Structures are given as structure tokens and as C-alpha cells.
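The block underneath contains the structure these notes are about, expressed in C-alpha cells.
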Amino acid sequence: KTDYTHSVTLAPSCDTTGTDAYAYTIGGQTFTFEVSTDALGHSFGEWVKTTDPTFASTGLLTRTCERHDCDETEEHVLPALNKTDYTYSVMLAPSCDTTGTDTYAYTIDGQTFTYDVDTDELGHSFGEWVKITDPTLTSTGLLEKTCERDDCDETREHVLPKLNKTDYTYTLEKPTCTQKGADKYVYEYDGQSFTFEIVIDELGHSFGE
């Protein structure tokens, strides 16, 4: 371009070649030489989310060429959310009664796309029922169970009816002269069995003449 007069005869585009002209003048004569120039190739901008992926369906990224007079686009299919193609992390762990958030990160061409998914609350995980207050013939009793998950002290209560032969399975262990007996009341609840006894004093001897 120093010894020749350079001009662009045909500008190249993204996918077509162009032509440059080089003119050389000597002794009043001008000689022109044309040279093909390479196609520019597309200059795509950043990827843009078009459709978000889910666990059941793929997503879509698109990007567009930024050169003048070019509307060429490119697509990239995002796989359905999984822990292999995405970097998985727990942003917020769920608790017994609050939802959590899992994060799935996908990186392409230096760009990272993040998708947050709500996770269901865990629900309580109660242990076994424990006797707090024993029932009697005149007063109710109380069972209690506590959630066993970390950082949860949620409890449930169940009132035991007064001892009776309808709500309980009743058996009599008769006393003897020298051994105590018992009224036994068995209560079945939630797969657990609870036994309550009322001790009957031994009868003592009753001698004849």
C-alpha cells in the first residue's frame, strides 16, 4: 500500500470474499492488480438465554453476529438439568417446614448460566412416642414425640385417656396371700404399645379356726 494506490473494489462480508485493487502508475501508464480478500467470518456476540432447561426438558442459548448487515444466529442446546453436565450446589438447604434452593451452573465460551430450582421442604422426622405423664383412673396422661432433624425442636403431643376398659386392653393379675397383683391397661397407638399398672396389695392369709 506504499508503492501502489490501494482501493477496495468489493468489501468482504462474513461469508463472501472481497476484492482489493492495487494501482501502479509509471510513465503515464497505470497498471491495476486485483487481489481477493478472505471472507471475514462471523463475529458473534454473547450467548443469550432463550429457553430455560428443566429436569424434564432441554433449554436453548442463542447468539447473533454483530457485524453490519448480518443477522446470522447460532444456537446451543442446553441439556436437561442434571448433576453431570452442570455444576451442582446447594444454595439454601431445605428445613422441615421451609423450601430450599439448588443451583445448576452451565459454562460455555467463558459465560456461565445459572439456574435455581426450589427444593421441597423436608417435613418433620419424628422419633418414637415417649410417656410424659401416666394416666390414672381419674386423670388423663400424655405422650410426646420430637422431630429428630438437626436444628428442629418441633414436638407433637397425644393425650392418653383415663384408664378404662374401652380404650385400653385390660387384664387382671390376681393377688395372692403373699404376692401383689395388678390391674394392667395396655394402650396401642401409632405402632407403639404402652402398659400402665395399678398395683393390688397382696391379700394376706385368712386362717380358719
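The values are calculated or read from the model by the stated rules, or taken from the named source; none is laboratory data. This one's a predicted model, so the numbers in the text were calculated from it and none came from an experiment. Positions of Cβ are generated from backbone atoms using ideal geometry, with glycine treated the same way; all protein chains shown enter the neighbour counts. Accessible surface areas use protein heavy atoms only, side chains included; no ligands, DNA or RNA. Shrake-Rupley method; radii C 1.70, N 1.55, O 1.52, S 1.80 Å.
Some notes on this structure:
- Inter-label distance, nm, simple model (7 Å from Cα along the C-beta direction), Phe207/Thr171: 3.5 nm
- Per-residue ³J(HN,Hα) for the stretch 70-78, Karplus 6.51 cos²θ - 1.76 cosθ + 1.60, θ = phi - 60°, Hz, x for Gly and Pro: 9, 10, 5, 10, 10, 10, 9, 7, 8
- Largest to smallest in accessible area, the residues Glu188, Glu209, Glu74 fall in the order Glu209, Glu188, Glu74 (1.4 Å probe, all protein chains included).
- Local electrostatic count, Tyr185, Cβ distance below 15 Å [Lys/Arg +1, Asp/Glu -1]: -2
- With N the number of residues in the chain, Rg(Cα) / (2.2 N^0.38 Å) evaluates to 2.57.
- Charge dipole magnitude, Cβ of K and R +1, D and E -1 - the chain, Cα centre, debye nearest 20: 380 debye
- Annotation: amide H of Leu122 within the under-5 Å range of Ser95, Cys96, Asp97, Thr98, sequence separation 5 or more or interchain, hydrogens built in the peptide plane.
- Portion, in percent, of the accessible area of the stretch 110-172 that falls on carbon or sulfur, probe 1.4 Å: 42 percent
- Here the Gaussian network model covers the chain, with springs between Cα atoms less than 10 Å apart; of Asp116, Asp97, Asp151, Asp151 fluctuates the most.
- Highest-fluctuation residue, Cys14, Cys152, Cys177 considered, GNM on the chain with Cα pairs under 10 Å: Cys177
- FRET efficiency for Glu157 and Thr119, using Cβ-Cβ distance with R0 set to 30 Å, rounded to 0.05: 0.55
- Using 0.36 nm per residue and subtracting the Cα-Cα separation, the extra length available between His68 and Thr2 on full extension is 20.9 nm.
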